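The block underneath contains the structure these notes are about, expressed in structure tokens.
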Amino acid sequence: MDSQHWRATITAAQSGDRQALDELVAGWLPLVYNIVGRALNGHADVDDVVQETMLRAVANLGSLRDPDSFRSWLVAIAMRQIRDRARRRTPDPLEEAAASDFSELTVLRLQLEGQRREVAEAVRWLDDEDRQLLSLWWLEVAGELTRRELAAAVGITRQHAAVRVQRMKERLETSRGIVRALDGACPDLRELTGRWNGRPDSVWRKRLARHIRGCGYCGGTHETVVPAERLLVGIALVPLPVGFTLSLAFGGKTAVAATSAGWSAKLLGALTKPAVAMTAGATMVAGGAYVVTQPPDAPPPRAAVTPTATATSVPPPSAPPSPTPTPRPSPSATKKADPYGTVVDAVDRAPDPNARPAALPRRPESGITSTGGPKAVMQHRGDSVTLSGRGYVLVRWQISPHARPGALVMPTWTGLKGKLFHVASGGSRRMDDPLPGAPNGYATGMGGPDIGYAVLPPGTQQMWQNEYFYVDGTVTLTQNERGCDYGIAVFPTSRQAVEKDVDEGPDQGAIRYGLVRDTGTDSAPVPQYVTRSTPADPATVPQRSRV
């Protein structure tokens, strides 16, 4: 949006225009969220700092003399809140360990791969001060901030900012080398990290950097290292999480602040009415609470029909036929003995990129609780997460054949109590889709001729970037890596989010639309590797699909 529009919007909001204020908050909230999220690396305090920043901006909007300086003024408020939070808090190792990871969030939400992913992961190794500066520099090279605004936010001259940025970039490049080395197979490095707890810090950064400088294996690189600023140019802001709530309720402290800013009683009365005003990606509900919903663009109308097996997946002619359904038990038999679900133990054909998915049936959603929190990232063998409740779950794949190709031991679902369905596949691509412009023969998400491939067990259905499941009960998902390197992230999600994902297609620059597998009945597919038992080694779950 052009600066002239924002200047008019800011001026109108200063005059008490409710709609302009709504648009202002919704429009600039993602920038603040990215600055704070990256500076604190996704710590649990991110929401509080974002809220305090926007609260202060709203309360002091009347004091802003030049609307053209709004962005630098807002960024400076955010940086002050970040520094104030750092001064107030007492470090707690347990709390830090439980914090979410904005670096991983960046990788997942922006679908970063290769050296762009490497830069995002290297941020974990920076000290707090460097991470705060990088949160601004990242936005500078991405075209969201100017150097003048960066310097003003930090409170230093442009010349001093240039020196600080250069030193931070040097430490970032060192951290990139560490990420690269840890993805390798150096036996000396493996021995060195034997006592490491897995949490990046400055002490281990220095130890690992010393090793890399003196190690011919780790110090060498098999590809040209692209400077970080060239990798970050044009990268979009990390989108706000769906359901993110920014409470700007005009009551108590906030009402006083708003009144002191010169807002009229008429405006304050309007803000506290139980009305809903939709804006660009946000909803203002009763009391002035902004709930970020990120509503999808309205998709073209689709026929409201129950999808059939043909509409959801088309097995090749050589695929094994589905077994004969088990007859229903007599009325006197227990319901628990009745199996459910259809066979998915077959390789399915990729649909045409322009093929619209079938309609996604509605299932009850009371919510999912996860032992991994809102996002569980499982990167090592034996990592697991238990899901309970009734609702949808996203399992997002990140396969790394460039780090270690080979046979892929699938994750497994164990200890199932209730039912589990495979409802849709999305993420705009299957993992075996070609990656446009991929260097060095890294042809697909499953690998390429120059680096080797991730190889699925025979008869396993090809996964997509995003795989969606519906849980009605309790089940545990375990990562069983033992060959090809891979990671999966598990997010409780919603039917609305699933629909939005599978409906995105080539018009938005994606490779393909998604695929709906849910039939809306108990004949919907269930995961291949699922059992009601709890084996000592989850990797031993047999490949089957009826429970």
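The values are calculated or read from the model by the stated rules, or taken from the named source; none is laboratory data. Everything quoted here is computed from the prediction, not taken from an experiment. Neighbour counts are summed over all protein chains in view; Cβ atoms, including those assigned to glycine, are modelled from backbone coordinates with ideal geometry. All accessible areas refer to the heavy atoms of the entire protein, side chains included, with ligands and DNA or RNA removed. Shrake-Rupley method; radii C 1.70, N 1.55, O 1.52, S 1.80 Å.
A few points about this structure:
- The range 112-138 residues near the modelled residue 225 label - backbone nitrogen below 18 Å, point 7 Å along Cα→Cβ: 114-127
- Rg to Rh quotient for the range 462-546, alpha carbon positions, Kirkwood Rh: 0.98
- For residue 513, the residues whose modelled amide H falls within less than 5 Å of its own, excluding neighbours fewer than 5 places apart on the same chain, are 355.
- Using a simple spin-label model with pseudo-atoms 7 Å out from Cα toward Cβ, residue 533 and residue 87 lie 6.1 nm apart.
- Residues listed by number, the range 176-194, amide nitrogen under 14 Å from residue 380 label point at 7 Å toward C-beta: 182-183, 190-194
- Amide proton proximity set for residue 409, modelled H, under 5 Å, gap of 5+: 482, 483, 484
- Close amide H pairs (under 5 Å, H built 1.01 Å from N) link residue 423 with 468, 469, 470, residues at least 5 positions away or on another chain.
- Exposure ranking of 347, 123 by accessible area [1.4 Å probe, largest first]: 347, 123
- Rounded to whole Hz, the Karplus (6.51, -1.76, 1.60) HN-Hα couplings of the range 444-452, x for glycine and proline: 9, x, 9, x, x, x, 7, 10, x
- From the alpha carbon centroid of the range 8-76 to that of the range 466-499 is 35 Å.
- Residues residue 403 and residue 521, FRET efficiency given R0 of 30 Å [Cβ-Cβ distance, rounded to 0.05]: 0.15
- For residue 468, solvent-accessible area (1.4 Å; no DNA, RNA or ligand), Å²: 10
- Taking 0.36 nm per residue of separation and subtracting the Cα-Cα distance, full extension of the segment from residue 455 to residue 417 would add 10.6 nm.
- Most to least accessible of 55, 61 (protein chains only, probe 1.4 Å): 55, 61
- Within the shell of other residues whose beta carbon sits under 13 angstrom from the beta carbon of residue 390, the net charge comes to +3, with Lys and Arg scored +1 and Asp and Glu -1.
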